[in-house]
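Trainee: Pasting a structure here, questions to come.
The values are calculated or read from the model by the stated rules, or taken from the named source; none is laboratory data. Computed from a prediction, not measured in an experiment: that's the story for all the values here. Here the Cβ positions follow ideal geometry from the backbone for every residue, glycine too, while neighbour counts run over all protein chains shown. These area figures cover heavy atoms from the full protein model, side chains too; ligands, DNA and RNA do not enter into them. Shrake-Rupley method; radii C 1.70, N 1.55, O 1.52, S 1.80 Å.
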Amino acid sequence: MNIFKIKVTDLEGTTHELEGPEGYRVMEVIRDNGIPIRAECNGCASCATCHVYVNENSLGKLFPQSDEERKLLSDSYHLQENSRLSCQILMTPETDGLEVILTPDCE
Ligand code: FES
């Protein structure tokens, strides 16, 4: 099984270097490492409480947003151009080294 790395900055501003297996959702890797993230719908793309900001360098490596993801994020007060739902980003060779910052929606 391939293991990839990501960097996650939590709501207190601490950056964590995490590892997760290929195919896992970034939200799951964050949660499984004990970093608080609400992720209420458990990855069903219906809550936006896994909303993160993606480092500019990593944005181009991600799959385009679905209409569903775009709609959910558009309802957030914290929407930015680099907003994504971390449950919709998979651990893949393309996302190895991904850097994300948790948003207040994760509280
Ligand atoms: S966990 Fe609910 S949208 Fe990602």
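Trainee: What residues from the stretch 7-48 fall in the zone where the backbone N is under 12 Å from a label point 7 Å along the Cα-to-C-beta line of residue 80?
Mentor: 9
Trainee: Follow-up. With r as the distance between the Cβ atoms of residue 68 and residue 10 and R0 = 41 Å, compute the FRET efficiency 1/(1 + (r/R0)^6) and round to 0.05.
Mentor: It comes out at approximately 0.95.
Trainee: Further question: May I ask you to derive the relative contact order of the stretch 3-106, considering only C-alpha pairs under 8 Å and at least 6 residues apart, and to give it as an integer percent?
Mentor: On the way: 203 pairs, mean separation 43.1, N = 104.
After rounding, I find 41 percent.
Trainee: Now, a different point. Kirkwood hydrodynamic radius, the chain, all distinct C-alpha pairs: what's the number in Å? Intermediate results must be reported in sequence, preceding the final value.
Mentor: Values: mean 1/r = 0.0746 Å⁻¹.
Averaging 1/r across every pair of different Cα atoms and inverting gives 13.4 Å.
Trainee: For a paramagnetic label modelled at 7 Å from the Cα of residue 2 toward its Cβ, which residues of the stretch 54-73 fall within the zone defined by backbone nitrogen distances under 18 Å?
Mentor: 58-64
Trainee: Indicate, rounded to the nearest 5 percent, the antiparallel portion of the DSSP beta bridges found entirely in the stretch 3-106. Let's see the in-between values first.
Mentor: Values: 14 of 18 bridges.
In the stretch 3-106, approximately 80 percent of DSSP beta bridges are antiparallel ones.
Trainee: In addition: Rolling a 1.4 angstrom probe over the protein heavy atoms, how many square angstrom per residue are accessible across the stretch 3-106?
Mentor: Roughly 54 Å² per residue, with all protein chains present.
Trainee: Run the accessible area of the chain with a 1.4 Å probe and give the carbon-and-sulfur part as a rounded percent.
Mentor: Values: 2770 of 6030 Å².
Carbon plus sulfur share of accessible area: 46 percent.
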